Each structure stands twice: as structure tokens, then as C-alpha cells.
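**Student:** After the C-alpha cells below, expect a handful of questions from me.
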Amino acid sequence: QVQLVESGGGLVQAGDSLRLSCAASGRSFSSYVMAWFRQAPGKEREFVTAISAGGGSTIYGDSVKGRFTISRDNSKNTVYLQMNSLKPEDTAVYSCAARLTGLTRAPQLYPYWGQGTQVTVSS
């Protein structure tokens with residue numbers, strides 16, 4: 001089992017950058033696929049990005065491709081989300097999630113979730 005805690009959210013202006021972190025506790029962080037999802041008020045949860053256990057493979061949602069970058073440091077049990085060229089439509093609660101096998105965009109296949117961190121982008 002793994003426990004996840006996100007940090008780094010805040011209020012920024014359009015065009016700014018922000019880096020989110022997700023710190024994991026528990027055993028075998030390096031065995032987990034890690035992902036970021038987001039949810040805006042009144043909208044469904046949206047897949048943002050995911051990274052393989054070893055960090056060699058990544059996938060991105062179409063709305064963030066080219067602007068966001070996921071990375072991980074297995075020595076620090078942490079996954080990061082670098083967000084550049086932020087837009088007001090990126091405003092949401094961002095949550096990290098973990099699963100043991102395979103990259104996937106489906107939130108229902110991730111059993112472990114953090115509590116989320118708010119990102120607000122003003123125009």
C-alpha cells in the first residue's frame with residue numbers, strides 16, 4: 001500500500017509555470033505507475049499524465065501535451081508535474097494516483113489517491 005500527499009498548488013496568472021509534487025510513503029514506490037488527474041468544479045475527473053514505474057514511459061492528455069511534464073525521483077519517493085504556459089482552463093484540483101501495473105488513463109484503475117491540491121489560473 002502507498003500513501004500520497006500532493007503539494008505545490010496555488011494561484012498563478014495565465015502564462016505562468018507551477019510545479020506540483022506528490023510524495024509517497026510506504027514500500028516499493030519504484031514499483032508503482034504514477035499519474036496525475038484533475039477535476040474542475042462541475043466537471044468529470046480528467047486524466048492529465050502518467051509515468052511508468054521506472055520513469056522510461058509517459059503518456060499525456062491531449063489538453064496538456066507539450067505544456068506539462070511528468071517526472072519522478074524514485075530515490076525521493078516523489079513524482080512531479082511541471083506545468084508551463086498555464087491557462088485559466090487548467091484551473092482544477094490536481095490529484096496524484098498510483099497503481100502497480102501498466103500505464104492507463106482510466107481513473108477507476110488507480111486504487112491509491114492523494115487528497116489533491118488546488119491550482120487556480122487567473123486570466
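**Student:** Name every residue in the range 81-99 that is hydroxyl-bearing (Ser, Thr, Tyr) and within 17 Å of Asp16 (Cα to Cα), in order of residue number.
**Tutor:** Here is the first cut: in the range 81-99, the ones hydroxyl-bearing (Ser, Thr, Tyr) are 85, 91, 94-95.
Passing the criteria: Ser85, Thr91, Tyr94.
**Student:** Select from the range 19-39 the residues that are open to solvent by less than 30 Å² (accessible area, probe 1.4 Å), within 14 Å of the chain's Cα centre (by Cα) and of a type outside the set (Lys, Arg) and list them in ascending order.
**Tutor:** Step one: list which residues in the range 19-39 are open to solvent by less than 30 Å² (accessible area, probe 1.4 Å), which gives 20-22, 24, 29, 32-38.
Checking the rest, the ones that are also within 14 Å of the chain's Cα centre (by Cα) come to 20-22, 24, 32-38.
Of everything in the range 19-39, those that are open to solvent by less than 30 Å² (accessible area, probe 1.4 Å), within 14 Å of the chain's Cα centre (by Cα) and of a type outside the set (Lys, Arg) turn out to be Leu20, Ser21, Cys22, Ala24, Tyr32, Val33, Met34, Ala35, Trp36, Phe37.
The values are calculated or read from the model by the stated rules, or taken from the named source; none is laboratory data. In this text the structure is predicted, and so the values were computed from the model without any measurement. With ligands, DNA and RNA removed, areas are computed over all heavy atoms of the protein, side chains included. Shrake-Rupley method; radii C 1.70, N 1.55, O 1.52, S 1.80 Å.
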